[in-house]
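Below you'll find the structure, written out as structure tokens, and then a few comments.
Readers should treat all values here as calculations from the given coordinates under stated rules, not as data from a laboratory. As the structure is a prediction and not an experimental result, all values here were calculated from the model. With ideal geometry, Cβ positions are generated from the backbone for all residues, glycine too; neighbour counts draw on all protein chains shown.
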Amino acid sequence: MELDYPLSKVQLELLTLFSRKIEDHDILEIKRLIVKYLSEKVAKQANEIWEQKQWSDENMEDLLGKHLRTPYEVKRKTGH
């Protein structure tokens, strides 16, 4: 298999990790650890932004009530 781009450091590390025999339940646990790590990292970043912007619960309630999606045109099918 030939790639059009080089593997990242993380991808190479994971290939090294998974190059030996690993039980299915261990693979699942490793996936859970990665997801937990990434979710904690995102939560930390979100908390930092919250602090920087000095948001409050009231700000969040205002945001939840707003429609912020970009409108788009629905393409209608033309049928015969």
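Residue 30 to residue 10: extension gain in nm, 0.36 nm per residue of separation minus the Cα-Cα distance?
Taking 0.36 nm per residue and subtracting the Cα distance, the gain is 5.8 nm.
Just checking my list [x] 1.59; [y] 1.89; [z] 1.01 against Cα Rg over 2.2 N^0.38 Å computed from this structure; which label fits?
Comparing each candidate, only [y] matches the computed number.
Number of Lys pairs in the chain with C-alpha atoms less than 19 angstrom apart, excluding same-chain neighbours closer than eight positions? Display every interim value, and only then the final one.
Numbers: 9/31; 9/41; 21/31; 31/41; 36/44; 41/53; 44/53; 53/66.
Lysine pairs meeting the criterion: 8.
Between residue 63 and residue 22, what's the calculated FRET efficiency when r is the beta-carbon distance and R0 is 35 Å? Round to 0.05. Let's see the in-between values first.
Working: r = 43 Å, r/R0 = 1.22.
Computed FRET efficiency for residue 63 and residue 22 comes out at 0.25.
Using the Cα centre as the reference, give the magnitude of the dipole from point charges on the C-beta atoms of the chain (Lys, Arg: +1; Asp, Glu: -1; all else neutral), rounded to the nearest 20 debye.
Details: 14 positive and 15 negative charges, 85 e Å.
It works out to roughly 400 debye.
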